[in-house]
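Enquirer: Structure in structure tokens, see below.
Each reported figure results from applying straightforward, stated rules to the coordinates on display, with no laboratory input. Small disclaimer: the values here were computed from a predicted structure and weren't measured. Here the Cβ is made from the backbone with ideal geometry for all residues, glycine too, and neighbour counts use every protein chain on show.
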Amino acid sequence: MRIVVLVKYVPDATGERSFAADGTVDRAAADGLLSELDEYAIEQALQIADEGDDVEVVAMTLGPDDAADAIKRSLQMGASAGIHINDEAVHGSDSLATSTVLAAAIAKAEPDLVVCGMASTDGAMGVVPAMIAERLGWPGLTFGATLSVSGDTVSIRRDGDVASQTIEASLPAVVSVTDQSGEARYPSMKGILAAKKKPVQHWALADLGVEPAIVGLAAASSTVLETTPRPPKEAGRIVPDSDGAGSAALVDFLSAGKYI
Ligand SMILES: Cc1cc2nc3c(=O)[nH]c(=O)nc-3n(C[C@H](O)[C@H](O)[C@H](O)COP(=O)(O)OP(=O)(O)OC[C@H]3O[C@@H](n4cnc5c(N)ncnc54)[C@H](O)[C@@H]3O)c2cc1C
């Protein structure tokens, strides 16, 4: 069985993040890392590999040179190989174009299952997995709190506010898992050393038969007109509670609705 895990390289949310003049994220100005929510996707794929026989886990990313770090981290966690799609023409792509390129790469990799995170930690749209499933004509099972494969059947449990749904489909399929799907493992020293020897393929749009004219900023269906920095968070107010006035001050604060 071959499982492809889609992993995105994103700006570190704890660092300074800014936008470039063309409205895209200034990725060169920020340190990047593997999107935290995609670690859960890798973990779920590795658990299937741990339980199964002859299961290959391939980490796939679409991103600039630095996105190699997302593959490296996935290999250190235990993925067996990587595929890095890197092409300048992709810069500024919207979710439609991103899903077009990833669907073409997945078709070329021929997996039985594609596992994604619930959303990236930068664009955070949560739409790419469903878009890819649509483009491939495969079932899409999204936002799974659990993931399991039995024979040619994949199933997830999706937890909603009022009910949980158990959803299953025949392979091949695209699934996304949430951050409630279980703790992601940390790379072991053995895993970090082994990662250096694992194969990584490098593909460009030409390898996928995708025309550069349909991706990138110029082809994007949505345009960022302006970006304005969020005002800095106001400092909190400290209320000494020596004489029990604290609770009254808190009630005043809450009833005034200032915290919204
Ligand atoms: C701040 C911001 C706002 C944006 N707004 C829009 C917008 O309004 N409309 C629009 O069409 N585009 C928008 N984009 C662009 C969009 O984010 C990118 O096209 C992106 O690659 C896909 O969207 P996402 O990151 O939200 O993915 P999501 O749909 O949140 O990603 C879900 C999962 O798909 C997989 N995945 C997503 N991208 C990649 C990748 N590059 N490589 C490998 N796996 C991946 C991962 O498993 C991820 O967990 C925005 C980007 C940013 C940074």
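Enquirer: Pairs of Cα atoms under 8 Å, at least six residues apart: use those to get the relative contact order of region 69-142, whole percent.
Expert: Working: 40 pairs, mean separation 19.9, N = 74.
Relative contact order here is 27 percent.
Enquirer: Can you work out D for region 82-153 in µm² s⁻¹ from Stokes-Einstein, where Rh is the Kirkwood radius over C-alpha pairs, the temperature is 25 °C and the viscosity is 0.890 mPa s?
Expert: On the way: Rh = 13.5 Å.
After rounding, the answer is 182 µm²/s.
Enquirer: To the nearest 0.05, what FRET efficiency results for Ala163 and Ala245 with a Förster distance of 45 Å applied to their C-beta separation? Can you show the working numbers first?
Expert: Numbers: r = 45 Å, r/R0 = 0.99.
For R0 = 45 Å, the calculated efficiency reads 0.50.
Enquirer: Short version: ³J(HN,Hα) in whole Hz for each residue of region 161-168, in order, from phi by Karplus 6.51 cos²θ - 1.76 cosθ + 1.60 (θ = phi - 60°), x for Gly and Pro, what are they?
Expert: Along region 161-168, the couplings run 5, 10, 7, 10, 10, 9, 10, 9 Hz.
Enquirer: Could you sort 224-231, 28-35, 50-57, 243-250 so that the peptide with the highest average Cβ count within 10 Å comes first and the rest follow in order?
Expert: Most protected by this proxy first, the peptides run 28-35, 50-57, 243-250, 224-231.
Enquirer: Once label points are set 7 Å from the Cα along Cα→Cβ at both Ser255 and Gln47, what is their separation, rounded to one decimal in nm?
Expert: 4.8 nm
Enquirer: Expressed in nm to one decimal, what extension gain is obtained for the pair Val224 and Glu88 from 0.36 nm per residue of sequence separation less their Cα-Cα distance? All intermediate terms of the calculation are to be shown ahead of the outcome.
Expert: Working: separation 136, 0.36 × 136 = 48.96 nm, distance 1.96 nm.
Stretched fully, the Val224-Glu88 segment lengthens by 47.0 nm.
Enquirer: Helix hunt in the chain: which complete DSSP H runs extend at least 20 Å axially by C-alpha with mean Kyte-Doolittle at least 0.0? Walk me through the numbers on the way to the answer.
Expert: Values: long enough: 36-51 (24 Å, -0.46); 95-109 (21 Å, 1.35).
Length and hydropathy pass: 95-109.
Enquirer: If you consider only alpha-carbon coordinates, what radius of gyration and Dmax does region 108-185 have, in Å?
Expert: 12.3, 40
Enquirer: Any idea what % of Cα-Cα pairs in the chain are farther than 27 Å? Spell out each step's value before the answer.
Expert: Values: 14691 of 33670 pairs.
Distances greater than 27 Å cover 44 percent of the Cα pairs.
Enquirer: For region 63-215, what is the convex hull (Cα atoms) projected area averaged across all directions, in square nanometres? All intermediate terms of the calculation are to be shown ahead of the outcome.
Expert: Values: hull surface 39.6 nm².
Result: a mean projected hull area of 9.9 nm².
Enquirer: For the chain, what is the mean residue ellipticity at 222 nm derived from helices alone (per DSSP H run of n ≥ 4: -39500 (n - 2.57); sum divided by total residues; nearest 500 deg cm²/dmol)?
Expert: On the way: 7 runs with 73 residues, N = 260.
Counting only the DSSP helices, I get -8500 deg cm²/dmol.
Enquirer: Would you compute the Debye intensity of region 170-249 from its alpha-carbon atoms alone, equal scatterers and no solvent, and pass along log10 I(q)/I(0) at q = 0.11, 0.14, 0.17, 0.23 Å⁻¹ to two decimals?
Expert: At q = 0.11, 0.14, 0.17, 0.23 Å⁻¹ the computed log10 ratios are -0.90, -1.06, -1.11, -1.10.
Enquirer: Using only the Cα atoms of region 1-71, construct the convex hull and provide its projected area averaged over every direction, in square nanometres to one decimal.
Expert: Details: hull surface 20.9 nm².
Computed as one quarter of the Cα hull surface, the answer is 5.2 nm².
Enquirer: Okay, next question. Label-point separation (nm) for Thr14 and Ile238, each offset 7 Å from Cα along Cα-to-Cβ?
Expert: Result for the modelled spin labels: 2.4 nm.
Enquirer: Further, regarding this structure: With the alpha-carbon atoms as the only input, what is the per residue convex hull volume for region 57-117 in Å³?
Expert: 89 Å³
Enquirer: Only Cα pairs under 8 Å and at least 6 apart count here; give the relative contact order of region 2-219 as a rounded whole percent.
Expert: Values: 469 pairs, mean separation 56.4, N = 218.
Relative contact order here is 26 percent.
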